[in-house]
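The values are calculated or read from the model by the stated rules, or taken from the named source; none is laboratory data. What you see is a predicted model, and the numbers here were worked out from it, not measured in a lab. Every residue, glycine as well, gets a Cβ built from its backbone with ideal geometry; the counts of neighbours run over all protein chains shown. Only protein heavy atoms, including side chains, enter the accessible area calculation; ligands, DNA and RNA are left aside. Shrake-Rupley method; radii C 1.70, N 1.55, O 1.52, S 1.80 Å.
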Amino acid sequence: PSAMEAVIDFLKNTDLKKAEKAIERYGCLDHAALDPMAYGYLTRAKIKKYCDQEVNDQLIEIEQLFLKSKMQQAATREVQFNALQNARVIKNAEHYYRALFETHDLSWNIRDQHMVEILENIITHIEAICCEPAKIIIWAHNSHVGDARATEMHDRGEINLGQLVRERFFETSFLLGFSTYEGTVRAASHWEGDAMQKTLLPAMHGSYESLFHEIGKENFILDLKANAIRDHLSIPQRLQRAVGVIYQPETERTSHYYFSKLPNQFDALIHLDTTQAL
């Protein structure tokens, strides 16, 4: 809802007729404003029609406005760019919530492809404004930042942000992972649940996190490009813990661990033996 409001508010200050048309188009997403999951379910059950045409048309219109104003001041361009990004979010969100009722790998891939699309748009925008190469830091969970090709995710047909960034910006990208053995994390118990502080179970025996704990150093950084470290950690594969939006200690092995080759997943890794929730 906030993204739709941002687009409409922008158009109200630009062209009232276009704002009225945006309200009409986004009206197709009436169920999504209250519960995006309901939109996905209703369209899948053929109770409600898809809104892909409406959100695509609105995105194209905002893109055309943006392209016509290239010579305007940077401050004006920033306002327009924000509206454009929100229109992109709405278009991709419509696709994502429909995909949730199809296969998991499809919805996951849509989400991470969206992240890379937004990243590329931000890079283009910054470089157009500043006339020099953009430098960007992305903060996300390990399962998004690490290269999916080095994990079980690849076997499931999943891609992620880290993989796509390496493929598109190989020489200028740097993937940094984080690891911990125990402590506390802030996460929900289920999707759409409230975030809360949770106690992290000690890492499972045989995992990377357990191996790093056994070293006896509380905090350290590993250069995963160093040959000695790569040789030691590449074979065999080890379990790696992934805690994201959700943490379910009662099903930790199935919910939060997968096999990975750490040196192929990240360029470097910071291990904090005991972590504290944000």
- Message: Going by what's in this entry, would Ala150 be described as among the aliphatic types (A, V, I, L, M), touching a strand residue (DSSP E or B) at 6+ places or on another chain (Cβ under 7 Å) and either at pLDDT below 95 or closer than 19 Å to Asn264 by Cβ (or both)?
- Response: yes
- Qualifying positions in region 120-149 - over 18 Å from the mean Cα position of the chain (by Cα) and either in contact (Cβ under 8 Å) with a residue 60 or more places away in the chain or not in a helix (DSSP H, G or I) (or both): Cys131, Glu132, Pro133, Ala134, Lys135
- Cross-chain or 6+ apart pairs with Cβ under 9 Å, region 91-103 first and free of Cβ contacts under 8 Å to residues at least 24 places away in the same chain and outside any loop (DSSP other than H, G, I, E, B), then of a type in the set (Ser, Thr, Tyr) and surrounded by fewer than 20 Cβ atoms within 10 Å (Cβ to Cβ): Tyr96/Ser107
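Can you name the residue in region 33-49 that is without any contact (Cβ under 8 Å) to a residue 40 or more places away in the chain and open to solvent by 40 Å² or more (accessible area, probe 1.4 Å) and is also nearest to Lys68 (Cα to Cα) among such residues?
As a first pass, look at region 33-49 and keep what is without any contact (Cβ under 8 Å) to a residue 40 or more places away in the chain: 33-35, 38, 42, 45-49.
After this cut, where a residue has to be open to solvent by 40 Å² or more (accessible area, probe 1.4 Å) as well, the list is 33-35, 45-47, 49.
Values: Ala33: 31, Leu34: 34, Asp35: 35, Ala45: 40, Lys46: 38, Ile47: 39, Lys49: 32 Å.
Top of the filtered list is Ala33.
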- Given the conditions (1) farther than 30 Å from Ile235 by Cα; (2) modelled with pLDDT under 95; (3) not acidic (Asp, Glu), every one holds for Val116 apart from (2)
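Each row is one residue, and each column tells you yes or no for (1) under 21 Å from the mean Cα position of the chain (by Cα); (2) hydroxyl-bearing (Ser, Thr, Tyr); (3) within 22 Å of Ala148 (Cα to Cα).
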residue	(1), (2), (3)
Phe169	yes, no, yes
Thr172	yes, yes, yes
Ser179	yes, yes, yes
Met204	no, no, yes
Leu211	no, no, yes
Asn219	no, no, no
Ala228	no, no, no
Ile235	no, no, yes
Tyr258	yes, yes, yes
- Message: If I ask for residues that are in contact with a helix residue (DSSP H, G or I) (Cβ under 8 Å, 6 or more places away or on another chain), hydroxyl-bearing (Ser, Thr, Tyr), more than 18 Å from Gln85 (Cβ to Cβ) and in a helix (DSSP H, G or I), which ones from region 3-62 would you list?
- Response: Tyr39, Thr43
- Task: Test Thr199 against the criterion of being open to solvent by 60 Å² or more (accessible area, probe 1.4 Å) and farther than 27 Å from Phe81 by Cα, and give yes or no.
- Result: yes
- Sort through Glu167, Glu218, Glu214 and tell me the only one that's loosely packed, with under 13 Cβ neighbours inside 10 Å, charged (D, E, K, R) and free of Cβ contacts under 8 Å to residues at least 24 places away in the same chain. Glu214
- Query: So which residues in region 1-32 are over 19 Å from Ala93 (Cβ atoms) and open to solvent by 40 Å² or more (accessible area, probe 1.4 Å), if there are any at all?
  - Reply: Lys12, Asn13, Thr14, Asp15, Leu16, Lys17, Lys18, Glu20, Lys21
- Residues (open to solvent by 40 Å² or more (accessible area, probe 1.4 Å), in contact (Cβ under 8 Å) with a residue 24 or more places away in the chain and part of a helix (DSSP H, G or I)) located in region 225-239: Ile229, Arg230
- Query: Out of curiosity, is Gln265 closer than 26 Å to Phe169 by Cβ, touching a residue at least 24 places away in the same chain (Cβ under 8 Å) and in contact with a Gly (Cβ under 8 Å, 6 or more places away or on another chain)?
  - Reply: yes
- Taking region 240-263, which residues are farther than 12 Å from Ser179 by Cβ and crowded, with 18+ Cβ neighbours inside 10 Å? Tyr247, His256, Tyr257, Lys261, Pro263
